[in-house]
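Written out below as structure tokens is the structure these notes cover.
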Amino acid sequence: MNQQDSPVDIQRRLPFLAAFIILFTLILFIRLWYLQAVKGEYYHDQAESNRIRPVKIRPPRGIIYDRSGRPIVENVLTFDVSLVPEDAQDLDAIIGKLSTIVKLPPESIRTALDDAAAVRTKYEPLKIREEAPWDEVAFVEAHQEDLAGAIIEPEHRRHYPYAGLASHQLGYIGKVSPSQRKQEQTDIGLLTGQGGLEKVYDKYLRGIAGRRMIQVNAAGRKVKDLGIEEPRPGTDLYLTIDLDVQKAAEEALGERQGAVVAMDPNSGEIIALASHPNYDPNLFPRGISPKDWVRLTNDPTHPLYNRAIQSVYPPGSTFKIIVALAGLESGVIKLDDKVTCRGYIQSGKHSFRCWKKGGHGTISFHQAVVESCDVYFYTMGERIGWDRIAQYAKKLGYGSLTGIPLPDEKPGLIPTTEWKKEKMKDAWYAGDTYINSIGQGFVLVSPIQACQMISAVANGGYFYRPTLLKKTRNRETGAVQVFAPERVNRIVLDSSALEEVRKALAGVVSEPGGTGHAAQIPFVTVAGKTGTAQVIAQKVPGRKLSGSTQDHAWFIAYAPVDDPKIAVAVLVEHGGHGGGAAAPVARRVIEEYMKNAGSKTVR
Amino acid sequence: MLDRRRFANLPWGMIGLVCVIALIGLSAVYSATYTVKGPSPLYYKQLLWVSIGVIIMFLALIPDYHTVGRYAYLLYAASLFLLILVMVIGRAGMGAQRWLAIGPFAFQPSELAKLSLTLALARYFAEDPKRGGYCLRDLAIPGIMVLIPLVFVLKQPDLGTALMLILTSALIVMIAGLRIRSAFIMILSGAIIISAVFLVSPVRNRIWGSLKPYQQNRIRAFIDPGSDPLGSGYHANQSKIAVGSGQITGKGFRKGTQSQMAFLPERHTDFIFAVIAEERGFIGTGIMILLYLILLLIGVDAAKNAKDRLGVLMASGIVSMISLYVFINVGMAVGIVPVVGVPLPLVSYGGTSIITTFIALGLLLNIQTRRFMLFY
């Protein structure tokens with residue numbers, strides 16, 4: 001063996017190779033111990049969830065019934081064509097095929113996929129075509145083999161059979177916004193209440209999603225069904241609304257803008273609540289088209305606005321009820337005190353007119369309410385003092401929320417001398433007292449507040465939170481939850497003063513010279529008060545008012561006079577006189593309700 | 001020829017070890033490829049390859065390993081030719097062009113290139129000994145020998161094999177012996193090149209841009225496996241789940257949910273170790289790497305007892321190559337090495353890999369059985 005061929009120097013380094021091998025074996029050994037022994041449990045769970053995929057089953061939403069059990073919001077079974085991109089073998093091919101089936105451009109399907117990418121979880125179906133016609137559904141079902149990834153999803157579609165009727169309290173449902181989705185962890189196609197009762201009572205209506213557990217392989221293909229967890233349908237709602245009265249109210253309003261609130265004065269249950277113009281909630285569950293949305297939001301008449309609770313108006317002469325109560329209770333107004341009305345009153349350089357040119361002559365309390373004499377109430381308002389009137393107004397709920405369970409109620413405004421000083425940097429003048437005493441100037445009231453106020457007058461001073469929900473009923477168990485009226489307040493009113501005011505209000509409708517004649521009903525006595533709220537500050541003599549400068553017409557009433565069963569507030573925007581425009585609406589509502597009073601109870 | 005004396009001196013322990021590993025591998029392939037209709041044809045193919053492999057291992061005992069050394073350059077040239085051929089007429093798969101179709105079989109020249117390069121380098125260093133170690137100038141020719149197949153393999157592209165070529169060659173050079181200064185310069189320049197690749201953005205972008213999307217994703221997934229567990233990190237994640245969920249005792253033969261329900265990709269080839277880990281648990285994996293450890297240490301022993309430079313270099317080169325395969329493959333399955341796609345010797349499905357491994361082991365046996373012989 002020659003020196004050159006001696007392997008000794010190389011062999012010296014072989015222990016390093018052995019060390020290298022031992023070291024790496026050790027590393028692998030430790031790593032395997034860590035994965036299999038230390039974290040074994042964790043990976044075991046991972047492996048388990050890996051092969052079981054839950055598929056959500058959406059629950060049908062709760063049905064909404066009126067007080068006598070007639071459905072006002074229901075579900076209709078429809079079928080959607082959806083795409084599960086993860087299940088598609090060739091996504092482009094499947095998009096191409098689907099686009100010809102549902103007659104949509106492939107780009108729009110791809111755009112929808114891209115848009116959903118950020119919020120969609122893996123294997124969550126994306127709706128391509130909602131409410132697909134039968135031939136499309138049948139085609140997709142029949143060609144499942146070629147259309148891996150495309151599925152038909154049965155869906156309980158929300159349907160509002162009366163379209164715009166009661167739309168403002170019913171609300172609508174729509175797709176969950178990404179922020180809501182993040183908050184509530186809902187799935188992408190879920191439609192939740194986005195307005196009105198659909199939103200407020202969403203927790204009842206929504207139900208609980210079911211799950212189908214399927215075992216899948218890595219390609220996402222179903223290997224077998226492991227079981228099903230049935231969805232729990234949403235709870236049904238029975239509202240306090242009477243469908244017939246609601247219809248009557250909306251028909252009576254007709255094309256005019258305005259609001260009607262009818263309430264049971266003994267419980268606060270809303271019998272009807274209408275706001276015109278209304279909108280068709282059926283536009284929303286399908287995903288409202290941008291065109292429709294723009295049309296609704298840009299409409300100068302604001303159809304999405306719930307005028308009954310979100311709009312505040314000067315109460316006009318209906319405010320005289322407050323002044324009357326404040327005056328009688330404080331003893332400032334004596335029933336026999338007479339005031340002479342010449343058609344106007346002078347205060348310094350200004351003169352304030354009565355609505356009746358030429359005046360009412362010498363007039364006392366009862367007649368002044370019946371004929372709605374402005375001069376009488378200017379005079380009495382000044383004698384009582386504005387802050388005392390404001391105190392009564394607030395006691396009767398003005399300036400604060402009624403607490404009706406609908407979104408975005410507005411409190412309106414009852415000004416005080418203090419308020420004016422602070423906000424307007426100006427003193428409270430006698431003229432301010434005059435005009436606010438007849439419900440003009442700064443006072444602002446919503447129709448729901450007016451209805452709650454007249455209810456308290458009718459029932460002797462009890463304040464109920466207006467409610468829309470009578471009871472809920474679980475469709476599966478039949479369990480019923482009844483919601484009792486919620487009395488929030490009782491105001492102590494002097495009974496003789498209240499009696500006088502009620503008598504006068506009855507006179508408004510029944511006596512000759514009363515402004516509320518138009519509310520007379522043959523078979524039931526009605527008490528009420530008209531109001532005409534000026535839209536522009538002072539009328540220019542001789543100028544004809546029309547359109548949007550015309551006055552708002554008010555009528556607030558209850559019936560029957562002796563045993564009140566219903567209280568109503570009507571406001572017709574730009575309707576003109578309260579007696580002419582609003583009182584007939586109230587009459588229709590009361591008539592419809594009293595016709596069947598007592599015979600309709602919640603099933 | 002294989003005379004009686006050599007036959008009696010055959011290291012039957014090592015041969016038995018090889019066969020045990022191969023049988024474990026066969027059972028894993030059987031399980032990983034099992035179909036609803038029964039054992040997959042892939043299993044029978046693998047059975048055939050292993051049988052042929054065992055025969056070839058014994059055939060590799062017959063010639064003197066010096067004869068093999070004499071043909072090493074020729075073999076190297078042949079594998080270069082095949083690498084060029086695969087680029088021209090090769091069959092593509094998984095975004096890479098790696099296979100040559102020979103009748104019904106697909107042959108992977110890059111597997112052969114690994115073995116032939118190892119043998120060629122062993123011969124080169126055996127014939128050109130340098131007192132006190134090699135300096136950088138001496139490494140010019142071996143460098144070119146590595147570089148040529150490397151370029152072809154990268155062109156396919158086959159990152160895993162390229163990595164194996166570099167690492168195996170580096171180990172052989174280290175064993176052949178470097179001057180301290182040269183070793184230092186080599187390590188330093190290697191470090192500079194690597195940091196240039198990672199830190200200098202024009203260089204990095206150039207290299208990054210030249211990678212295929214699936215390669216970019218794999219690297220991205222290795223750096224942050226959680227980033228997209230259903231996308232690029234899928235392989236690594238599913239493999240870790242499979243390994244971990246085997247726990248201590250395993251889920252049982254053909255009871256691994258990860259592998260049986262096809263969550264685990266490449267389960268009969270690159271991720272076969274995860275199948276074993278899922279079904280046999282830590283007991284199985286522990287035994288498995290112990291078997292490899294013993295086999296490799298016996299290989300080191302063979303190198304130590306070899307009587308000349310060629311024997312030492314050939315044996316240690318083969319041991320280096322196989323150990324790197326094992327470490328990178330298992331490291332990949334347990335998530336400590338990026339997913340580069342190298343087979344597990346004797347176990348992963350694939351004819352070329354099985355055959356070349358058996359040839360390599362046969363040569364190792366050859367060297368060991370000739371340790372008592374005198375040639376001069």
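The rows are residues; the columns are (1) at pLDDT 75 or above; (2) within 27 Å of residue B:309 (Cα to Cα); (3) crowded, with 20+ Cβ neighbours inside 10 Å.
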{"position": "B:161", "(1), (2), (3)": "yes, yes, yes"}
{"position": "B:168", "(1), (2), (3)": "yes, yes, yes"}
{"position": "B:183", "(1), (2), (3)": "yes, yes, no"}
{"position": "B:205", "(1), (2), (3)": "no, no, no"}
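Based on this model, can you work out whether residue B:287 counts as without any contact (Cβ under 8 Å) to a residue 12 or more places away in the chain and either at the interface with chain A (Cβ under 9 Å from one of its Cβ atoms) or not small (Gly, Ala, Ser) (or both)?
Yes: the conditions hold for residue B:287.
Can you name every residue in region A:398-421 that is among the hydroxyl-bearing types (Ser, Thr, Tyr) and in a loop (DSSP other than H, G, I, E, B)?
If the condition is that a residue be among the hydroxyl-bearing types (Ser, Thr, Tyr) and in a loop (DSSP other than H, G, I, E, B), then A:398, A:400, A:402, A:416 are the ones that fit.
If we scan region A:514-530, do we find a residue that is outside any strand (DSSP E or B), under 31 Å from the mean Cα position of the chain (by Cα), of a type in the set (Val, Ile, Thr) and under 16 Å from residue A:565 (Cα atoms)?
There is at least one residue in region A:514-530 that is outside any strand (DSSP E or B), under 31 Å from the mean Cα position of the chain (by Cα), of a type in the set (Val, Ile, Thr) and under 16 Å from residue A:565 (Cα atoms).
For region A:254-290, how many residues are over 18 Å from the mean Cα position of the chain (by Cα) and outside the structural domain of residue A:562 (by TED's automatic domain parsing)?
Qualifying residue count for the region: 4.
Might you let me know whether region A:192-210 holds any residue that is at pLDDT 80 or above, assigned to a strand (DSSP E or B) and either acidic (Asp, Glu) or exposed (fewer than 14 other Cβ atoms within 10 Å of the Cβ) (or both)?
yes
Given the condition outside any loop (DSSP other than H, G, I, E, B), away from chain B (no Cβ under 14 Å) and modelled with pLDDT of 95 or more, answer yes or no: does some residue in region A:43-61 qualify?
Taking every residue of region A:43-61 in turn, none turns out to be outside any loop (DSSP other than H, G, I, E, B), away from chain B (no Cβ under 14 Å) and modelled with pLDDT of 95 or more.
Among the listed residues A:492, A:508, which satisfies the condition of being in the same structural domain as residue A:567 (by TED's automatic domain parsing) and crowded, with 16+ Cβ neighbours inside 10 Å? Please lay out each step first, then the result.
Details: A:492 fails: crowded, with 16+ Cβ neighbours inside 10 Å.
Every option except A:508 fails the conditions.
Exactly one condition in (1) assigned to a loop (DSSP other than H, G, I, E, B); (2) of a type in the set (Ser, Thr, Tyr); (3) farther than 18 Å from residue B:48 by Cα is not met by residue B:349; state its number.
(3)
Out of all the residues in region B:331-339, is one or more more than 12 Å from chain A (Cβ to nearest Cβ) and either assigned to a helix (DSSP H, G or I) or surrounded by 24 or more Cβ atoms within 10 Å (Cβ to Cβ) (or both)?
yes
Please find, among B:264, B:310, the residue that is assigned to a loop (DSSP other than H, G, I, E, B), at the interface with another protein chain (Cβ under 10 Å from one of its Cβ atoms), over 13 Å from the mean Cα position of the chain (by Cα) and crowded, with 24+ Cβ neighbours inside 10 Å. Before the answer, list the steps.
Working: B:310 fails: assigned to a loop (DSSP other than H, G, I, E, B).
Just one listed residue meets the conditions, B:264.
Given the options B:325, B:292, name the one that is touching a Pro at 6+ places or on another chain (Cβ under 9 Å), under 30 Å from residue B:176 (Cα atoms) and either more than 10 Å from every other protein chain (Cβ to nearest Cβ) or at pLDDT below 90 (or both).
After ruling out the rest, the residue left standing is B:325.
Can you find, within region B:233-261, the residue that is modelled with the lowest pLDDT among those that are outside any helix (DSSP H, G or I) and surrounded by 24 or more Cβ atoms within 10 Å (Cβ to Cβ)?
Per the stated criteria, the residue is B:256.
Does region A:304-324 hold any residues that are of a type in the set (A, V, I, L, M), closer than 22 Å to residue A:282 by Cα and crowded, with 24+ Cβ neighbours inside 10 Å, and which are they?
A:308
Output the number of the condition that residue A:26 fails; it satisfies all remaining conditions of (1) crowded, with 17+ Cβ neighbours inside 10 Å; (2) more than 7 Å from every other protein chain (Cβ to nearest Cβ); (3) at pLDDT 95 or above.
(1)
Please specify each residue of region A:454-479 satisfying the condition of being surrounded by 14 or more Cβ atoms within 10 Å (Cβ to Cβ), more than 19 Å from residue A:262 (Cβ to Cβ) and β-branched (Val, Ile, Thr).
Correct list: A:472 only.
Contact list please: Cβ distance under 7 Å, first residue in region B:145-161 and closer than 17 Å to residue B:209 by Cα, second residue not in a helix (DSSP H, G or I), pairs at least six apart or on different chains.
Here the result reads B:156/B:96; B:156/B:97; B:156/B:98; B:157/B:96; B:157/B:212; B:158/B:96; B:158/B:98; B:159/B:340, each pair linking region B:145-161 to a residue that is not in a helix (DSSP H, G or I).
Could you say whether any residue in region A:437-448 is crowded, with 23+ Cβ neighbours inside 10 Å, in contact with a Gly (Cβ under 8 Å, 6 or more places away or on another chain), modelled with pLDDT of 95 or more and in a strand (DSSP E or B)?
Yes, the conditions are met somewhere in region A:437-448.
Being β-branched (Val, Ile, Thr) and either closer than 21 Å to residue A:312 by Cα or in contact with a His (Cβ under 9 Å, 6 or more places away or on another chain) (or both) is the filter here; which residues of region A:350-402 pass it?
Those that are β-branched (Val, Ile, Thr) and either closer than 21 Å to residue A:312 by Cα or in contact with a His (Cβ under 9 Å, 6 or more places away or on another chain) (or both): A:375, A:389, A:402.
If you take the residues of region A:1-21 that are modelled with pLDDT of 90 or more and within 7 Å of another protein chain (Cβ to nearest Cβ), which of them is surrounded by the fewest Cβ atoms within 10 Å (Cβ to Cβ)? Don't jump to the end; show me each part of the working.
Step one: list which residues in region A:1-21 are modelled with pLDDT of 90 or more, which gives A:14-21.
So of that shortlist, the ones also within 7 Å of another protein chain (Cβ to nearest Cβ) come out as A:14, A:17-18, A:21.
Working: A:14: 21, A:17: 22, A:18: 17, A:21: 24.
Within region A:1-21, the match that is surrounded by the fewest Cβ atoms within 10 Å (Cβ to Cβ) is A:18.
For region B:48-61, enumerate the residues that are part of a helix (DSSP H, G or I) and touching a helix residue (DSSP H, G or I) at 6+ places or on another chain (Cβ under 6 Å).
Answer for region B:48-61, where residues must be part of a helix (DSSP H, G or I) and touching a helix residue (DSSP H, G or I) at 6+ places or on another chain (Cβ under 6 Å): B:49, B:50, B:53, B:56, B:57.
The values are calculated or read from the model by the stated rules, or taken from the named source; none is laboratory data. Keep in mind it's a predicted model, so treat the numbers as computed, not measured. Virtual Cβ from ideal backbone geometry, glycine too; neighbours counted across all protein chains shown.
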